[in-house]
Structure formats: C-alpha cells, structure tokens
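Peer 1: Dropping the structure in here first, questions after.
The values are calculated or read from the model by the stated rules, or taken from the named source; none is laboratory data. All of these numbers come straight from a predicted model, not from anything done at the bench. Cβ atoms come from the backbone with ideal geometry, glycine included; neighbour counts cover every protein chain shown. Note: accessible area is taken over every heavy atom of the protein model, side chains too, but ligands, DNA and RNA are not part of it. Shrake-Rupley method; radii C 1.70, N 1.55, O 1.52, S 1.80 Å.
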Amino acid sequence: ANWEYPGNPYRGSKALKLRAFVVAAVDMMMLDYLYGHDPRGADRSDFLGGNLLWMGYTYRVIKDILPPEVQKAYEAGMKKHVLRLNQWGPTGQMTDMDLFAPVGLWYVSQSMDVPQVKTVAEEYSRRLFTELHYFHPAGYFVDNGCFDTSYNGISLYFGSWVALASDWPAPRA
C-alpha cells in the first residue's frame, strides 16, 4: 500500500491497509493473551521485540485510515507490549534476537505520540548498545557471553537498521 512504484495497483489501497491492520491487531491480541495467561517460556523480550517490528511498522503505514477510537485502542495495545518488554528487559542470551527490539521500538515510538513510549524505547535500546553484557568495547555484540560471528552478523544488521532509522545517540556511537 505504501510502495511508490508507478505500476503498483495497490498504492494507497484502503482495502489493503485494512487487511494489514486486521492481521496486526489479531496478532497483537493473541500475543497479549499468550503473555498474560500462559506464557510457558514465551515471555521473553527477544521474542516480543520482533513482533513490535510489524505492529509498529504496520500501524505507521495504515494509521491514516483508522477512526480515532480504533487508533486509541491499537496504541493502548502497543504501549502495553512496550511496557511489558521493558519490564522483562533484554535477555542477553540471544543478543541477535534482542536487537529486533530497538527497531520495533523505534517504529512503535514513531507511529504514535506517547512520551512514555518514546522514552522507554530509547532507554531500552541504549542498554543494548552501551552495557557490557550486550556490547563489547571491541565492537561486537555479545551472544551468550561470547563472540559468535554468525549471530553477530544478525546483531549488526538490526543494530545498523536502528542506527540509520533513528536519531538516537547510542546506536550511532
């Protein structure tokens, strides 16, 4: 719906945006139920961070067609997930997956004007780029307490993504 290409028949399609919204909203509600009722080990920030990517990006793209009361409800759901993620904190077990969160948090923080979400997003992300448990001064992301070239490549991919997308100082340092 957002792809700026002259031959794209779906550019600006309200129907396509609504379909994307339904998928994102259902996913958000299912995750909320999972984390609130019977997580069975799924209540990990390195899992939820990736979900914030498509929740935040989708909302950013489709927000303009949603009624205010629907926007308010969806934003309340995203905020709940952001605060949940912050409460759990990064795991440091799979830092490559922990680094999905800063990108997702950036999309969420850009899609809605909620100061608490913006603050949590930047502070949470800063930890992954400044704390020794997650980032080594030699310039690599620590994965399970050591350097792993494969997982570090994934970490660098998502770390670079948030550094290029955001204006946050920590990922850009």
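Peer 1: Of the residues that sit in the stretch 14-50 and are open to solvent by 60 Å² or more (accessible area, probe 1.4 Å) and aromatic (Phe, Trp, Tyr), which one is farthest from PHE158 (Cα to Cα)?
Peer 2: Residue satisfying both the conditions and the ranking: TYR33.
Peer 1: Of the numbered conditions (1) surrounded by fewer than 19 Cβ atoms within 10 Å (Cβ to Cβ); (2) touching a strand residue (DSSP E or B) at 6+ places or on another chain (Cβ under 8 Å); (3) β-branched (Val, Ile, Thr), ILE154 fails exactly one; give the number of that condition.
Peer 2: (2)
Peer 1: Across the stretch 51-84, which residue is farthest from GLN110 (Cα to Cα) among those that are open to solvent by less than 20 Å² (accessible area, probe 1.4 Å) and aromatic (Phe, Trp, Tyr)?
Peer 2: Within the stretch 51-84, the match that is farthest from GLN110 (Cα to Cα) is TYR74.
Peer 1: Still on this model: For the stretch 128-151, enumerate the residues that are assigned to a helix (DSSP H, G or I), farther than 10 Å from LEU99 by Cα and either at pLDDT 95 or above or open to solvent by less than 30 Å² (accessible area, probe 1.4 Å) (or both).
Peer 2: THR130
Peer 1: Here's another thing I want to ask about it. Please enumerate the residues belonging to the stretch 85-96 that are open to solvent by 50 Å² or more (accessible area, probe 1.4 Å), in contact (Cβ under 8 Å) with a residue 40 or more places away in the chain and not hydrophobic (A, V, I, L, M, F, W, C).
Peer 2: Matches in the stretch 85-96: GLN93 only.
Peer 1: Next question, about the same structure. Does the stretch 107-121 contain at least one residue that is open to solvent by 10 Å² or more (accessible area, probe 1.4 Å), within 17 Å of LEU48 (Cβ to Cβ) and assigned to a helix (DSSP H, G or I)?
Peer 2: Yes - at least one qualifying residue is present in the stretch 107-121.
Peer 1: Pairs please, first residue from the stretch 1-26 and in contact (Cβ under 8 Å) with a residue 40 or more places away in the chain, second anywhere and of a type in the set (Ser, Thr, Tyr) and open to solvent by 100 Å² or more (accessible area, probe 1.4 Å), Cβ atoms under 8 Å, 6+ apart in sequence or on different chains.
Peer 2: Sorted first by the residue in the stretch 1-26, then by its partner, the pairs are ALA1/TYR10.
Peer 1: Additional query: Out of ARG127, ARG84, report the one residue that is of a type in the set (Lys, Arg) and either within 10 Å of the chain's Cα centre (by Cα) or more than 12 Å from LEU52 (Cβ to Cβ) (or both).
Peer 2: Selected residue: ARG127, the only one of ARG127, ARG84 that is of a type in the set (Lys, Arg) and either within 10 Å of the chain's Cα centre (by Cα) or more than 12 Å from LEU52 (Cβ to Cβ) (or both).
Peer 1: Going by what's in this entry, would LEU99 be described as under 15 Å from the mean Cα position of the chain (by Cα), at pLDDT 95 or above, within 30 Å of PHE141 (Cα to Cα) and open to solvent by less than 40 Å² (accessible area, probe 1.4 Å)?
Peer 2: Yes.
Peer 1: Okay, moving on. Yes or no: GLY104 assigned to a helix (DSSP H, G or I), open to solvent by less than 10 Å² (accessible area, probe 1.4 Å) and at pLDDT 95 or above?
Peer 2: Against the criterion (assigned to a helix (DSSP H, G or I), open to solvent by less than 10 Å² (accessible area, probe 1.4 Å) and at pLDDT 95 or above), GLY104 qualifies.
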